[in-house]
Amino acid sequence: MAVVAGQPRLIVRGGRRLSGAVAVSGAKNSALKLMVASLLAPGASVLRNVPDIQDVRTMQEVLEHLGAVVEFADGTMTVDTAEVQSHVAPYELVQRMRASIQIMGPLVARFGRARVAMPGGCNLGPRKIDIHLRGLADMGGTIRSDHGFVEVAADRLRAINMFLDYPSVGATENLLMAAVLAEGTTTLENAAREPEIVDLCKFLVSMGADIEGAGSSTLRINGVSEMHPAEHTVLGDRIEAGTFLIAGAVTGGDVEVTGISPHVLELFLFKLRSVGVQVQENTRSIKASGDPRSYGGVDVATLPYPGFATDLQAQMMVLLSIAKGVSVVTENVFENRFGFVDELIRLGAEIRVDGNHAVVSGGRSLTGAIVRCPDLRAGAALAIAGLAAEGCTELREVYHIDRGYEQFEQKLQALGADVERVGVGSGPCSSL
Ligand code: UD1
């Protein structure tokens with residue numbers, strides 16, 4: 001396997017017990033939408049606890065491309081949208097980060113027009129935007145597509161009653177942000193209920209929106225004629241929290257994640273306990289510890305919130321690979337989200353994939369190998385597998401991890417992990 005010039009790699013030497021506390025960063029999937037929501041009002045909104053990750057930097061570029069002035073330092077971001085001129089998200093940015101399509105709702109709502117490159121497929125399968133577009137069309141938007149772009153235009157959007165075909169996170173957010181400035185009362189049924197949507201609703205309300213039902217599957221939005229800038233602190237990242245809890249558990253360690261409410265991880269924590277991990281919940285922190293020799297398999301099926309998060313499926317698969325017994329993991333949210341399984345098998349896991357089911361024969365001892373990160377969460381999972389493995393693991397294409405984890409290896413190092421980032425040339429795993 002050739003080393004790609006200039007691409008950093010992570011070197012993980014397994015076998016160390018992780019121990020200590022780690023503060024989770026602000027949630028990626030909330031911060032990105034809050035940044036976009038600031039487009040709804042002219043002036044400067046302030047967001048705190050924003051994670052300094054690549055996706056946030058890409059969204060910053062998207063907003064700057066539109067004409068916003070963005071300042072970002074020490075977790076505080078100011079987005080000044082007073083001078084926004086453009087309504088176009090170019091291919092180069094949308095292709096780098098699909099969440100760029102979330103600008104559609106707010107741009108049409110405030111400026112009457114949005115033109116966004118179509119995201120196309122990605123390595124999680126063909127992620128469609130039909131629900132986003134159907135909602136915007138029902139609200140009176142004229143939808144056109146040409147040259148790989150989709151354009152939505154409307155003088156003023158009008159309220160709708162819509163039953164979403166599926167509780168899509170992105171569609172719920174896009175339509176919510178469109179509805180806050182629409183004429184009349186919009187009802188979104190079968191809406192997504194993710195904590196990040198609740199966070200978005202809170203920010204929108206502080207900007208002057210009138211929303212009922214945040215956190216339930218029915219959102220009622222009374223349109224207002226204008227919004228104003230506001231300040232907001234991003235909620236903690238439940239996926240990052242879950243990732244570090246599993247990292248501790250697979251090493252037989254004792255890890256506490258702080259800055260997160262256990263209730264946003266309820267089913268995940270139930271599954272950890274079912275495996276045999278000891279979990280202690282506090283108001284704003286969670287502690288997990290255990291002995292991998294006593295872990296047993298469980299079945300897991302991903303579902304929209306409050307179901308088991310698809311973004312924790314890959315990390316869970318690592319834990320189930322070392323837990324004794326057979327586990328069945330069913331992926332219901334995305335197609336092609338088992339792309340990392342072949343890499344995990346290179347580390348010694350025994351997994352058979354059949355459609356959207358993966359049968360994990362656990363109780364395996366993992367051994368270090370060279371692996372590539374196929375996507376963000378899979379990258380984190382493979383790093384976790386490296387921590388549990390005997391010997392040295394070399395992770396390639398780690399830019400995927402940098403999209404969504406702030407100071408990933410520094411946080412692991414602080415817990416006692418032997419992880420380092422290396423540049424080009426032969427790395428310390430060159431014996432592999
Ligand atoms: C968001 C999260 C992602 C998480 C996912 C599910 C962000 C930036 N990303 O992604 O990390 O894994 O929620 O929790 O917040 N679908 C349609 N038509 C649509 C929209 C979606 O068929 O119009 C399908 C998708 O193809 C996919 C499923 O619905 O199979 C889930 O997608 P969605 O909930 O929209 O996820 P995202 O918002 O893309």
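Against the test of being surrounded by 18 or more Cβ atoms within 10 Å (Cβ to Cβ) and of a type in the set (Lys, Arg), the options ARG13, ARG57 yield a single qualifying residue, ARG13. Residues of segment 305-315 that are under 26 Å from ALA191 (Cα atoms) and either within 11 Å of the ligand (Cβ to nearest atom) or buried (at least 24 other Cβ atoms within 10 Å of the Cβ) (or both): TYR305, GLY307, PHE308, ALA309, THR310, ASP311, LEU312, GLN313, ALA314. When segment 348-369 is filtered for residues that are without any contact (Cβ under 8 Å) to a residue 24 or more places away in the chain and more than 16 Å from the ligand (Cβ to nearest atom), the ones remaining, listed by number, are ARG352, VAL353, ASP354. Of the residues making up segment 203-221, those that are more than 16 Å from the ligand (Cβ to nearest atom), touching a Ser or Thr at 6+ places or on another chain (Cβ under 8 Å) and open to solvent by less than 40 Å² (accessible area, probe 1.4 Å) are MET207, ILE221. Considering only residues in segment 164-202 that are within 12 Å of the ligand (Cβ to nearest atom) and among the small types (Gly, Ala, Ser), the one that is nearest to ALA99 (Cα to Cα) turns out to be GLY170. Restricting attention to segment 317-347, report how many residues are open to solvent by less than 20 Å² (accessible area, probe 1.4 Å), away from the ligand (no atom under 16 Å from the Cβ) and in contact with a strand residue (DSSP E or B) (Cβ under 7 Å, 6 or more places away or on another chain). Count: 7.
Residue pairs whose Cβ atoms lie under 7 Å apart, separated by 6 or more positions or on different chains, with the first residue in segment 93-111 and assigned to a helix (DSSP H, G or I) and the second open to solvent by 10 Å² or more (accessible area, probe 1.4 Å) and acidic (Asp, Glu), are LEU93/GLU61.
The residue that is most open to solvent (accessible area, probe 1.4 Å), among those in segment 288-304 that are hydrophobic (A, V, I, L, M, F, W, C) and farther than 15 Å from GLY325 by Cα, is LEU303. Among the conditions (1) within 16 Å of the ligand (Cβ to nearest atom); (2) within 30 Å of THR367 (Cα to Cα), the only one that VAL12 does not satisfy is (1). For ILE103, the test of being more than 12 Å from the ligand (Cβ to nearest atom), closer than 29 Å to GLY307 by Cα, open to solvent by less than 40 Å² (accessible area, probe 1.4 Å) and within 19 Å of the chain's Cα centre (by Cα) is passed.
Being surrounded by 21 or more Cβ atoms within 10 Å (Cβ to Cβ) and either assigned to a helix (DSSP H, G or I) or touching a residue at least 60 places away in the same chain (Cβ under 8 Å) (or both), is that true of even one residue in segment 116-127? So far as segment 116-127 goes, no, none of its residues is surrounded by 21 or more Cβ atoms within 10 Å (Cβ to Cβ) and either assigned to a helix (DSSP H, G or I) or touching a residue at least 60 places away in the same chain (Cβ under 8 Å) (or both).
Filtering segment 210-243 to residues that are touching a residue at least 60 places away in the same chain (Cβ under 8 Å) and either part of a strand (DSSP E or B) or more than 20 Å from the chain's Cα centre (by Cα) (or both) leaves ILE221, GLY223, GLU226, MET227, HIS228, PRO229, ALA230, GLU231, HIS232, THR233, GLY236. Scanning segment 30-50 for residues that are within 22 Å of the chain's Cα centre (by Cα) and surrounded by fewer than 24 Cβ atoms within 10 Å (Cβ to Cβ) turns up VAL46, ARG48, ASN49.
Taken together, GLY379, GLY362 contain a single residue that is more than 24 Å from the chain's Cα centre (by Cα) and either surrounded by 21 or more Cβ atoms within 10 Å (Cβ to Cβ) or of a type outside the set (Phe, Trp, Tyr) (or both), which is GLY362.
Screening the candidates ALA153, ALA171, ALA137, ALA178 for the property of being open to solvent by 10 Å² or more (accessible area, probe 1.4 Å) and under 23 Å from GLN95 (Cα atoms) yields one hit, ALA153. Among the residues examined, ALA89 does not qualify as more than 30 Å from GLU335 (Cβ to Cβ) and crowded, with 16+ Cβ neighbours inside 10 Å. Got at least one residue in segment 60-68 being of a type in the set (Gly, Ala, Ser), buried (at least 24 other Cβ atoms within 10 Å of the Cβ) and not in a strand (DSSP E or B)? No, segment 60-68 contains no residue that is of a type in the set (Gly, Ala, Ser), buried (at least 24 other Cβ atoms within 10 Å of the Cβ) and not in a strand (DSSP E or B).
The values are calculated or read from the model by the stated rules, or taken from the named source; none is laboratory data. Quick caveat, the model's predicted, so the values are computed rather than measured. When we count neighbours, we look across all protein chains shown, and the Cβ atoms used for this are built from the backbone with ideal geometry, even at glycine. Accessible surface areas use protein heavy atoms only, side chains included; no ligands, DNA or RNA. Shrake-Rupley method; radii C 1.70, N 1.55, O 1.52, S 1.80 Å.
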